[in-house]
Amino acid sequence: MVRMRRKRMHCNNKELHNRYKTKRRTKDLDQIQDDLKPENKTRLVNLPLDEDLPGLGQHYCVECAKFYIDNETLVRHRHGREHKRRL
């Protein structure tokens, strides 16, 4: 019985690689530093309802530039390692 070789298509497909790379794109550090200024921070905390964002865009971590589903998830994120490293 002969083993068939796996098809290795994803590593050589540059179009697929670039699509995933842009999907994971987040804000750069200088953009986050601008968001941390007091006048911008109040604007980002009080966002209008947006159906396309998780949690209708109401639960936003300014330091990490991420939206969360509910307040409990946001509080749990603030106690986590990822958030503390950003501060």
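The values are calculated or read from the model by the stated rules, or taken from the named source; none is laboratory data. Values in this document were obtained by computation on a predicted structure and should not be read as measured data. No Cβ is skipped: glycine too gets one built from the backbone with ideal geometry, and neighbour counts run over all protein chains shown. Heads up: the accessible areas ignore ligands, DNA and RNA and are worked out on the full protein's heavy atoms, side chains in. Shrake-Rupley method; radii C 1.70, N 1.55, O 1.52, S 1.80 Å.
Summary of computed values
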{"read-out": "Peptides 79-85, 68-74 ordered by average Cβ neighbours within 10 Å, highest first", "value": "68-74, 79-85"}
{"read-out": "Probe 1.4 Å, protein heavy atoms only - accessible area per residue of the chain in square angstrom", "value": "93"}
{"read-out": "Only Lys, Arg (+1) and Asp, Glu (-1) charged, at Cβ; the chain dipole about Cα centre in debye", "value": "1100"}
{"read-out": "Rough spin-label spacing in nm, given labels placed 7 Å along Cα→Cβ, for Leu53 and Ala65", "value": "1.4"}
{"read-out": "Accessible area of the chain belonging to carbon and sulfur atoms, whole % at 1.4 Å probe", "value": "52"}
{"read-out": "Linear extension gain, Glu82 paired with Asp30, 0.36 nm per residue minus alpha-carbon span", "value": "16.9 nm"}
{"read-out": "Built amide H within the under 5 Å cut-off of Ile69, gap 5+", "value": "none"}
{"read-out": "Rounded to whole Hz, the Karplus (6.51, -1.76, 1.60) HN-Hα couplings of the stretch 75-80, x for glycine and proline", "value": "5, 5, 5, 5, 8, x"}
{"read-out": "Under Karplus coefficients 6.51, -1.76 and 1.60, residue-wise ³J(HN,Hα) of the stretch 54-61 in Hz, glycine/proline x", "value": "x, x, 6, x, 9, 10, 10, 9"}
{"read-out": "Theoretical gain in end-to-end length, Glu72 to Lys37 [0.36 nm per residue, Cα-Cα removed]", "value": "10.1 nm"}
{"read-out": "The chain, relative contact order [Cα under 8 Å, separation at least 6], %", "value": "16"}
